[in-house]
Amino acid sequence: MRRLILGLTLILFCGAVAAQQPGPMSAVKPVDKPAKPKTAAKKPPPKPKGPPARELFGSATEPAPLAARSIGGYAKGCLAGGVSLPINGPDWQVMRLSRNRNWGNPRLLDYLERLASDARALDGWSGLLVGDMSQPRGGPMLTGHTSHQIGLDADIWLTPMPDRVLTPQEREDMSAVSMLKDPFTVDPEIFTLAQVKLIRRAASYPQVARIFVHPAIKKALCQMAPQVGKDTSWLGKVRPWWNHHYHFHIRLTCPPGAEGCENQKPASGDNGCGQELTNWYAMLKKAAIEAAKPPVPGAKPWVGKPPLTMAQLPKECGTVLTAGGFEPPPQGEAGTVMPASALQTLETKDAGPPIPILTAAQLQALTGGGTDPAGMPLPDRNPLR
């Protein structure tokens, strides 16, 4: 009797469990999922109103008659009360006069004059060939740079100054000398201790925030610095950057107490000769390989970011632009200040030669297609600086 009761209980329990199990998957009604909200199609960014700021500031030939002041950041700002560096000095000459870019904050002019004097008297450098500084009212430039906007940047050629006064035409036509033997190494016959001493001198002053050089020059400086003195702490201010193979770029800090002037984040405490340089050489390798490849038919050219508009600059730059009653020329085609033909006329040739391109043998070695005959080490893709 006991067994009978247990058996009946078991049958009833199993039947109840079976009644709770789903049947075949095809018979199971799917659970309704909440519908995903429809997202509106992304609209392209609105086209900027008015001409690019670089055309407006590029058309100003005189400084803003205001108190000297650097406004905004190195790559997004303007210059009030700009002062021009004389095109001839006892220890310098200004190049590419047609660009009208020998303007800066008084802090920059004081620095350049002292650097020129000290480099000649203390290091035996024949004199500075000064490249681009800033435009009369700073701001974005039509060609060549993304920075140099607030009068605290300057390019110095690594070519020694001749022992005579260059004519205006020579200053337009003369080319700076590349320090590179190939995309990754300097030419020891051209880049010597004289250039090392000049860069060391330029970096030695407290108002210097950074010095930018090509990664191959940075590597050479790391190797050669002990030959020009025991103190190599100046190397920390010298950092690698694209296309600085025939000149170096000086960047000063904002004048003490200057309101509205934005300093760049200070350089890291190390000398930059370790992992940072290794990372740059990895980028250099990729860029050099890409540059050596034949162009892809139909490929769109690299155009970079859209040019800055006045709305993207500090509001005070509007006052700087129009100070003294200055009015940019009337707008031409496509909302520009001047027609494309006139803009092309303003495209002055670069101050120095392009980065060397890998030979076929070097390209083959770097891409694993052969043995590297010269122990080739390893980006110069972005032409802006």
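The values are calculated or read from the model by the stated rules, or taken from the named source; none is laboratory data. Since this is a predicted model, take the numbers as computed values, not measurements. Positions of Cβ are generated from backbone atoms using ideal geometry, with glycine treated the same way; all protein chains shown enter the neighbour counts. Accessible surface areas use protein heavy atoms only, side chains included; no ligands, DNA or RNA. Shrake-Rupley method; radii C 1.70, N 1.55, O 1.52, S 1.80 Å.
Give me the net charge of Gly139's neighbourhood, meaning all other residues with Cβ under 12 Å from the Cβ of Gly139; Lys, Arg count +1, Asp, Glu -1.
Numbers: positive: Arg54, Lys76, Arg101, Arg137; negative: Glu55, Glu316.
Net charge in that neighbourhood comes out at +2.
Each residue of the range 263-277 in order: what ³J(HN,Hα) in whole Hz does its phi give by Karplus 6.51 cos²θ - 1.76 cosθ + 1.60, θ = phi - 60°, with x for Gly and Pro?
6, 6, 4, x, 5, 4, x, 7, 8, x, 9, x, 5, 4, 5
Any idea how far the Cα center of the range 237-291 sits from the one of the range 50-82, in Å?
That distance is 24 Å.
Can you list the residues, at least 5 places off or on another chain, whose amide H is less than 5 Å from the amide H of Arg210, using H built in the peptide plane?
Arg251
Which whole-number value in Å² is the accessible area per residue of the range 79-171, probe 1.4 Å? Each step should come with its number before you reach the end.
Values: 2880 Å² over 93 residues.
It amounts to 31 Å² per residue over the range 79-171.
Treat each spin label as a single point 7 Å out from the Cα along the C-beta direction, and report the Tyr205 to Met283 distance in nm.
For the pair Tyr205/Met283, the computed spacing is 2.7 nm.
With the cut-off at 1.5 for a/c, could you classify the range 132-239 from its C-alpha gyration tensor as rounded, prolate or oblate? It would help to have the intermediate numbers written out before the result.
Details: a/c = 1.78, a/b = 1.29, b/c = 1.38.
Oblate, since a/c reaches 1.5 and b/c is not below a/b.
Please list, in order along the range 246-252, the HN-Hα scalar couplings obtained from phi with the Karplus expression 6.51 cos²θ - 1.76 cosθ + 1.60 (θ = phi - 60°), rounded to whole Hz, x for Gly and Pro.
For the range 246-252, the Karplus curve yields 10, 8, 10, 10, 9, 10, 9 Hz.
Using a 1.4 Å probe, what is the accessible area per residue for the range 210-331, in Å²?
Numbers: 6860 Å² over 122 residues.
I get 56 Å² per residue for the range 210-331.
So how far apart, in nm, are the two label points at Asp118 and Asn88 if each is 7 Å from Cα heading toward Cβ?
2.7
So, with a 1.4 angstrom probe, what is the percent of accessible area on the range 64-191 that is carbon and sulfur?
Details: 2400 of 4320 Å².
The nonpolar share, carbon plus sulfur, comes to 55 percent.
For Ile357, what accessible area in Å² do you get when you roll a 1.4 Å probe over the heavy atoms of the protein chains, rounding to the nearest 10?
Surface accessible to solvent at Ile357 totals approximately 100 Å².
Just subtract the alpha-carbon distance of Ala267 and Asp187 from 0.36 nm times their residue separation and send over the number in nm, one decimal.
Details: separation 80, 0.36 × 80 = 28.80 nm, distance 2.76 nm.
Full-extension gain reported as 26.0 nm.
Can you pull out the chymotrypsin sites (Phe, Trp or Tyr not before Pro) in the range 258-323 whose DSSP state is coil and whose Cβ has at most 12 other Cβ atoms within 10 Å?
Details: sites: Trp280, Tyr281, Trp302; in loops: Trp302.
For chymotrypsin sites (Phe, Trp or Tyr not before Pro) across the range 258-323 that sit outside H, G, I, E and B with at most 12 neighbouring Cβ atoms in 10 Å, the list reads Trp302.
At 0.36 nm per residue, minus the direct Cα-Cα distance, what do Ala299 and Ser98 gain on full extension? Give it in nm, one decimal, please. Write out the running numbers ahead of the final one.
Details: separation 201, 0.36 × 201 = 72.36 nm, distance 3.37 nm.
Answer, rounded to one decimal: 69.0 nm.
Would you kindly find the accessible area of Met174, with a 1.4 Å probe and non-protein molecules such as ligands, DNA and RNA excluded, rounding to the nearest 10 Å²?
Here the accessible area works out near 50 Å².
Using the Karplus curve 6.51 cos²θ - 1.76 cosθ + 1.60 with θ = phi - 60°, what ³J(HN,Hα) values do you get for each residue of the range 110-118, in whole Hz, with x for Gly and Pro?
Karplus values, whole Hz, x for Gly and Pro: 4, 5, 5, 5, 6, 4, 4, 5, 5.
Using a simple charge model, +1 on the beta-carbon of Lys and Arg, -1 on the beta-carbon of Asp and Glu, nothing else, what dipole does the range 60-181 show about its Cα centre, in debye to the nearest 20?
Numbers: 12 positive and 13 negative charges, 70 e Å.
Using Cβ point charges on Lys, Arg, Asp and Glu, the range 60-181 gives about 340 debye.
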